[in-house]
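Peer 1: My structure is below; once you've seen it, I'll send some questions.
The values are calculated or read from the model by the stated rules, or taken from the named source; none is laboratory data. Computed from a prediction, not measured in an experiment: that's the story for all the values here. Glycine gets a Cβ as well: all are built from the backbone with ideal geometry, and neighbour counts include every protein chain shown. Side chains included, ligands, DNA and RNA excluded: accessible areas come from the protein's heavy atoms. Shrake-Rupley method; radii C 1.70, N 1.55, O 1.52, S 1.80 Å.
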Amino acid sequence: MKSAEEIVEAIAKASNWNERIGLIRKIPESFGTAQQPSIYASIAKHAYVPRIDSEFAYVHWRDEYELSNIESIYIIVKNRTNEFSDISVNNLSQIIFDHPGTLRIFRLIMGFTTQEFAEACSIHSISKGSKGVGKSTLKNMESGKPIKIEIALECAIVIDSIMSASLFPPKGSVGGLRSKLDKPDTSEGWESIRRFALHGVPLPVLLHQRAYGGAFRQLLDATSSSRGDLIEDPVEAIFRSEGIPYIRTGAHNQSAIESRFGLSVRPSPDFVVFDQRTGVLRAILECKGAQDGGTARDKAARFRALRAECQRLGGVPLFAVLSGVGWRRVADALGPVIRETDGRTFSPTTLVEMIETEPFPGLLNTAIDINKETRS
């Protein structure tokens, strides 16, 4: 029998994934349960980690976040407020009415998200008996759509109430809470805003903001679904191009997947692959991104449940497509995924090799109407 070091080396040097999978599947037969975790971790480190994608250096961009878009409406606010010296409610409401997109500048000054400012409007409306302004209306305003003067006035009053700390009074040191106005540019209300507008923001202040706010933080939050698609879209693209019958699952087709293939695990795996000629389920595939080891460890547990489901269904192959530096954590994250998938663990850059792995070669170009299937 080969030693643990020898089996890891053989797996790392396997000529193709089918050979690698065959070797990995023999591990439970050759080594005791106490040895297996370290062996899977070593396999992960030497054969899989070098192929893991690292997309943390990139963000999904949106045109609305371009600096020029902020600058254009900021100039309007700066000029119409005489460099933030005329910040009366009447003037603010007139500016917002004439240029609804300027609401974004005031919201960013306060450090509120659209949802948070909508909540602030709701809280104010309850206390004053006004109608409030909803999130959808605020989004329309920031996109530049015309509004009624009453809405502009309501927003101006709420802005004034926040900036004067009357709507959300300081809590001092209670519970370690600090007001969102307790930041360099708004620490003295409009006065510090005026000073920064006239003299610029010192670089240390900008870097300080990044330290606690995170560069691109709101963009990352706003594009979380796009980050998920960053893994799933390439999988779908290669299935389409190779004519492999599949269904990309979601909340809209959970019940249909369960009744059609007998899957009971919830939520359903991201993809199910089947033989369209016989209707038999041939593989299930799960995509997972993780930018830190703790997240990867938590997500690895999902594959244990999927493996149990595959065994219940008669040994259907389980595939993983992983992305993100979190999966470099091998002992309790990547190693367990390799164990549960018998080594059928890939990244967006190794999908071509995945297609060469059973059962995909026998399903190439067998999709009859892939669009019909993905809509089911």
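Peer 1: Could you list, in sequence order, the residues of the stretch 343-369 that are part of a loop (DSSP other than H, G, I, E, B) and either open to solvent by 20 Å² or more (accessible area, probe 1.4 Å) or in contact with an Asp or Glu (Cβ under 7 Å, 6 or more places away or on another chain) (or both)?
Peer 2: Matches in the stretch 343-369: Arg344, Ser347, Glu356, Glu358, Leu364, Asn365, Thr366, Ala367, Ile368, Asp369.
Peer 1: Here's another thing I want to ask about it. Do you know which residues across the stretch 273-325 are open to solvent by 20 Å² or more (accessible area, probe 1.4 Å), of a type in the set (Ser, Thr, Tyr) and touching a residue at least 12 places away in the same chain (Cβ under 8 Å)?
Peer 2: Thr295
Peer 1: Taking Tyr74 as meeting all but one of (1) more than 27 Å from the chain's Cα centre (by Cα); (2) within 26 Å of Ser192 (Cβ to Cβ); (3) surrounded by 20 or more Cβ atoms within 10 Å (Cβ to Cβ), write down the number of the exception.
Peer 2: Every condition holds for Tyr74 apart from (3).
Peer 1: Further question: Can you list the helices (runs of 4 or more DSSP H) found entirely within the stretch 1-115 that contain at least 2 residues being more than 30 Å from Asp332 (Cα to Cα) and touching a helix residue (DSSP H, G or I) at 6+ places or on another chain (Cβ under 8 Å)?
Peer 2: Fully inside the stretch 1-115 and qualifying: 67-80, 89-98, 103-110.
Peer 1: Turning to a different aspect of this structure: Kindly list the number of the only condition in (1) out of contact with any helix residue (DSSP H, G or I) (no Cβ under 6 Å at 6 or more places or on another chain); (2) open to solvent by less than 50 Å² (accessible area, probe 1.4 Å) that fails for Glu119.
Peer 2: Evaluating Glu119 over (1) out of contact with any helix residue (DSSP H, G or I) (no Cβ under 6 Å at 6 or more places or on another chain); (2) open to solvent by less than 50 Å² (accessible area, probe 1.4 Å) leaves (2) as the failure.
Peer 1: Return yes or no: is Ile193 in a helix (DSSP H, G or I), at pLDDT 90 or above and either open to solvent by 30 Å² or more (accessible area, probe 1.4 Å) or out of contact with any Lys or Arg (no Cβ under 7 Å at 6 or more places or on another chain) (or both)?
Peer 2: Answer is yes for this residue.
Peer 1: Which pairs turn up if I take residues in the stretch 142-167 that are under 11 Å from Ile96 (Cβ atoms) and look for partners that are basic (Lys, Arg) and buried (at least 19 other Cβ atoms within 10 Å of the Cβ) with beta carbon separation below 8 Å, at least 6 apart in sequence or on another chain?
Peer 2: Hits for this filter: Glu142/Arg104; Glu142/Arg107.
Peer 1: Please go through (1) touching a Ser or Thr at 6+ places or on another chain (Cβ under 7 Å); (2) of a type outside the set (Val, Ile, Thr); (3) surrounded by fewer than 16 Cβ atoms within 10 Å (Cβ to Cβ) for Gly129 and return the number of the only condition it doesn't satisfy.
Peer 2: (1)
Peer 1: Name the residues in the stretch 15-31 that are among the small types (Gly, Ala, Ser) and either in contact with a strand residue (DSSP E or B) (Cβ under 6 Å, 6 or more places away or on another chain) or at pLDDT 95 or above (or both), would you?
Peer 2: Within the stretch 15-31, just Gly22 meets the criteria.
Peer 1: What is the number of the single condition among (1) modelled with pLDDT under 90; (2) exposed (fewer than 13 other Cβ atoms within 10 Å of the Cβ); (3) of a type in the set (S, T, N, Q) that Thr223 does not meet?
Peer 2: Only one criterion is unmet by Thr223, namely (2).
Peer 1: Among the residues of the stretch 23-35, are any over 18 Å from Arg344 (Cβ atoms), open to solvent by 70 Å² or more (accessible area, probe 1.4 Å) and touching a residue at least 24 places away in the same chain (Cβ under 8 Å)?
Peer 2: yes
Peer 1: Examine the stretch 258-266 for a residue that is out of contact with any Cys (no Cβ under 9 Å at 6 or more places or on another chain), of a type in the set (D, E, K, R) and in a loop (DSSP other than H, G, I, E, B), and state whether such a residue exists.
Peer 2: Taking every residue of the stretch 258-266 in turn, at least one turns out to be out of contact with any Cys (no Cβ under 9 Å at 6 or more places or on another chain), of a type in the set (D, E, K, R) and in a loop (DSSP other than H, G, I, E, B).
Peer 1: Return yes or no: is Leu138 under 25 Å from Glu83 (Cα atoms), assigned to a helix (DSSP H, G or I), open to solvent by 40 Å² or more (accessible area, probe 1.4 Å) and out of contact with any Cys (no Cβ under 7 Å at 6 or more places or on another chain)?
Peer 2: No, not satisfied.
Peer 1: Still on this structure, I have one more. Kindly provide the set of residues from the stretch 141-167 that are under 14 Å from Arg107 (Cβ atoms) and open to solvent by 50 Å² or more (accessible area, probe 1.4 Å), ordered by number.
Peer 2: Across the stretch 141-167, the qualifying residues are Ser143, Asp160.
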